[in-house]
Amino acid sequence: MLDDSDLTRVLVVMAHPDDVDFGAAGTVAQWTDAGVEVTYCIVTDGDAGGFDPAVPRNEIGGIRRAEQKAAGAEVGVSDVRFLGYPDGRLEPTLDVRRDISRVIREVRPQRVVCQSPQRNMLRIYASHPDHLAAGEAALCAVYPDARNPFTFPDLAELEAWSVSETWVLGMEQSNHYVDITDTFDRKMAALRAHASQHPDPAALDGLMRGWNGGNAAAGGLPEGRLAEAFWVLETA
C-alpha cells in the first residue's frame, strides 16, 4: 500500500452528493491536512434526493451541488466536479466510464476512492443501484480505460494515466481501517452541510458513531475509537 507521505493527489468518485461524507470524509480530512490534493467527482446531481415536498424537484440538483461544495470545504476539498447524470437511473455505460476516465487523466491521482460494485448483503443501504453502477464504472475507468491510450479516441488529447491503488468502500469485507477519531467532528460538519437530505439531523451523530465505532472494533482499534473502512487493492 502507498504510504500517505508519498501521496500527492487523490480522486474520490461517488454516485451522489453526500456519499463521500458518509463513507470517507474523515479520511479525506486527514489527507488534506497532510497537504494532499483531493478532488471529488460526483457522477449524478442527486436530483432524486431530498425529503421536503415543498422544494421544487427542478431545484434539487442545484441545491445538492452547492451542499457538496460546502461539505468539501469542511474537510479541505475545493475541487468538486459533477458529471451530471440523472439520480436513480445510473448505469455503468461506456459514456460514464469515459467521463470518469477523463477526470482520472486530468487529475492524475495516485489513489482513487470509489464505491463497491458488489451488493452488500449485510448492509443494503451501502448498495443503492447508483452506488453499484458508479463503483463498476469507476473500477473500469481505473482498469483498463484511463491507462489505455486507445480506449476512447475522443480523450486522445489527454495522456493516459495508471492509478497506483484503489480504495473501495461499502463492501461486506474490509482490509484497511483508518482511525478518524480526531477528524470525526469535521466529517459530521460535512454531513450536516447536506441539509436537504436530513429530516432529523440530530440523529446523525449517534448513527455515525455507531457505524464508525463498529468499523473501529472490526479493525482492532481500542474501545472508543472511530474508523472508516475500505478494501484496498493495487491497480498500478
Study note, to complete from the structure: GNM on the chain, Cα springs under 10 Å; top mean-square fluctuation among Asp99, Asp33, Asp21 goes to Asp33
Exercise for review: Mind giving me the FRET efficiency for His198 and Asn148? R0 is 41 Å, r the Cβ-Cβ distance, nearest 0.05 is fine.
Suggested key: 0.50
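Sum up the charges of everything whose Cβ sits under 12 Å from the Cβ of Gln30, counting Lys and Arg as +1 and Asp and Glu as -1, but leave Gln30 out.
Numbers: positive: Arg186, Lys187; negative: Asp4, Asp33, Asp179, Asp182, Glu228.
So the environment of Gln30 carries a net charge of -3.
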Exercise for review: Compute the separation of the alpha-carbon centres of the stretch 23-68 and the stretch 169-184 and state it in Å as a whole number.
Suggested key: 20 Å
Revision key, fill the gap. Once Thr181 and Ala217 are pulled to full extension, the length gained, defined as 0.36 nm per residue separation minus their Cα-Cα distance, is 11.7 nm
Point to revise | Total charge dipole magnitude, the chain, about the Cα centre, Cβ charges on Lys, Arg, Asp, Glu only, Debye to nearest 20 | key: 220 debye
Practice item. In a Gaussian network model over the chain where Cα atoms closer than 10 Å are linked, find which of Glu67, Glu136, Glu159 has the largest mean-square fluctuation. Key: Glu159
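Over the stretch 4-234, what is the percentage of antiparallel beta bridges among all DSSP beta bridges, to the nearest 5? List each step's numbers first, then the result.
On the way: 8 of 27 bridges.
Once the DSSP bridges in the stretch 4-234 are tallied, antiparallel ones form about 30 percent.
Let me check against my output: what whole-number percent is the relative contact order of the chain, with C-alpha pairs under 8 Å and at least 6 apart?
On the way: 475 pairs, mean separation 59.6, N = 236.
Computed value for the chain: 25 percent relative contact order.
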Review point. Near the amide H of Val232, under 5 Å away, which other amide H atoms are found, from residues 5 or more places off or on another chain, if H is placed in the peptide plane?
Key: Val168, Asn175, His176
Check your understanding: What is the extension gain from Arg209 to Ser78, computed as 0.36 nm multiplied by their sequence separation minus the C-alpha to C-alpha distance, in nm to one decimal?
Key -> 44.5 nm
Revision key, fill the gap. Of Ala190, Ala54, Ala138, the most mobile residue in a GNM of the chain (C-alpha springs, cutoff 10 Å) is Ala54
Study note, to complete from the structure: Arg9 and Ala48 label points (each 7 Å along its Cα→Cβ direction) are spaced in nm at 3.3 nm
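Throughout, read-outs are computed from the coordinates displayed, never taken from laboratory work. These numbers come from a predicted model, not from an experiment. As a convention, Cβ positions derive from the backbone with ideal geometry for all residues, glycine included, and neighbour counts pool all protein chains shown.
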